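Any read-out appearing in this document is the output of simple, stated calculations on the displayed coordinates, not a laboratory observation. The structure presented is a predicted model; accordingly, all values stated were derived computationally and were not measured. For neighbour counting, all protein chains shown are included, and Cβ atoms are generated from backbone atoms with ideal geometry for every residue, glycine included.
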Amino acid sequence: MKFSLFAHMERVSPDQDQKQLYDEFIELCKIADKGGMHAVWTGEHHGMNFTIAPNPLLNLIDVARHTENVRLGTGTMIAPFWHPIRMAGEAAMADIITEGRLDLGIARGAYNFEYERMQPGMDAWEAGQRMRELIPAVKALWKGDYAQDGEFHSFPKTSSSPKPIQKNGPPIWVAARDPNSHEFAVSTGCNVQVTPLWQGDEEIESLMQTFNDACEKHPDIARPKIMLLNHTYIASDDEDAHLASEEINRFYCYFGAWFKNERPISQGLIKPLSDEEIAGHPFYTPEAMMRDNVIATPDAAIKRLKSYEALGYDEYSFWIDSGMSFERKKASLERFIRDVMPAFE
């Protein structure tokens with residue numbers, strides 16, 4: 001099982017300097033590269049200081065300048081916000097600039113906040129249908145001379161300009177949860193990214209079973225790869241792990257608030273949650289965070305990660321977003337590289 005870093009530029013307070021936050025994001029990517037991690041992933045979001053990444057290709061091209069070996073993955077681009085010709089061409093250019101290190105993760109998106117602003121009137125179902133139309137079109141454009149008469153985009157015969165340097169284009173990953181999404185990804189020759197949310201290791205097992213079922217339905221297609229994305233904190237001791245569980249619980253409460261899209265937002269920041277609101281969340285708790293994520297000392301983390309490897313996961317992505325200080329993120333990542341990864345060599 002390979003290991004990667006999943007990170008964004010996070011801004012949770014108006015007092016935080018954006019340039020400093022970006023420099024810290026780059027520093028984490030450099031640590032991942034020097035430490036022998038397989039890849040760095042970063043996503044796409046708009047108008048949200050919670051995760052700042054208006055175009056992940058820009059970030060990854062810069063990460064390429066600061067690193068030597070890591071693969072560079074979009075985790076993920078939001079399909080309904082892209083025209084297929086534009087995505088094919090910009091991804092191909094990024095592949096050239098990064099010398100063939102690009103992986104292209106694509107999703108339907110998660111936040112109604114973004115849908116309302118980028119594609120008014122669209123719901124999650126339509127976003128998923130747009131993704132299903134986009135991905136085959138991007139692959140066809142990389143081959144060239146492709147015309148489309150689609151539900152969402154129609155255009156005459158076109159070739160991606162430029163063409164990517166990786167044979168058949170950068171590997172495409174689909175963020176999937178339900179069986180239909182897994183089957184779409186497998187049937188189109190795409191890899192799969194899964195993110196468990198609030199059911200612990202039982203959900204991680206279930207997501208793998210869903211993937212295996214999809215592969216069995218398409219025996220004529222080579223089995224793609226599957227990546228597990230999970231919030232991770234490698235603690236110095238049990239007390240440190242408990243502190244991390246409280247911090248990540250706060251992060252998830254804010255994630256839930258953004259997802260519900262009911263609180264006032266100003267200057268890209270959501271109205272702060274009170275300690276009472278965080279403590280009163282119906283299912284986010286520090287204890288749930290310990291159950292659902294890898295928040296543990298190195299030995300305990302190794303045991304859990306070994307179980308994911310045994311299930312068949314090809315890649316485990318260390319999701320570092322947490323609202324923690326840069327110093328705490330850095331220390332956790334360094335412990336992961338030093339004390340956990342060697343157990344999988």
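Some notes on this structure:
- Summary: within the chain, the longest segment free of chymotrypsin sites (Phe, Trp or Tyr not before Pro) located in DSSP loops with at most 14 other C-beta atoms within 10 Å is 1-197.
- DSSP bridge pairs, the chain: antiparallel proportion in percent, nearest 5: 15
- Dividing the convex hull volume of the alpha-carbon atoms in region 135-293 by its residue count gives 203 Å³ per residue.
- By the count of neighbouring beta-carbon atoms within 10 Å, fewest first, Arg177, Arg338, Arg101 end up ordered Arg338, Arg177, Arg101.
- Cα point-scatterer Debye curve for region 78-126, base-10 log of I(q)/I(0) at q = 0.13, 0.17, 0.18 Å⁻¹: -0.39, -0.59, -0.64
- Scattering profile of region 239-300 at q = 0.21 Å⁻¹ [log10 I(q)/I(0), Debye over alpha-carbon scatterers]: -0.83
- Distance between modelled label sites at Arg117 and Asn180, nm, 7 Å Cα→Cβ extension: 2.8
- Cα-Cα separations in the chain greater than 37 Å, expressed as whole percent: 14
- Label point distance in nm, Trp125-Asp17, each placed 7 Å from Cα along Cα→Cβ: 5.0
- Linear extension gain, Lys271 paired with Asp145, 0.36 nm per residue minus alpha-carbon span: 40.5 nm
- Alpha carbon convex hull of region 202-345, volume per residue in cubic angstrom: 149
- As a rough footprinting exposure proxy, the listed residues Ser154, Ser317 were ranked by other beta carbons within 10 Å of their own, and the order from fewest upward is Ser154, Ser317.
- Spherically averaged projected area in nm², based on the convex hull that wraps the Cα atoms of region 81-160: 5.5
- Residue order, fewest to most surrounding Cβ atoms within 10 angstrom, among Thr51, Thr188: Thr188, Thr51
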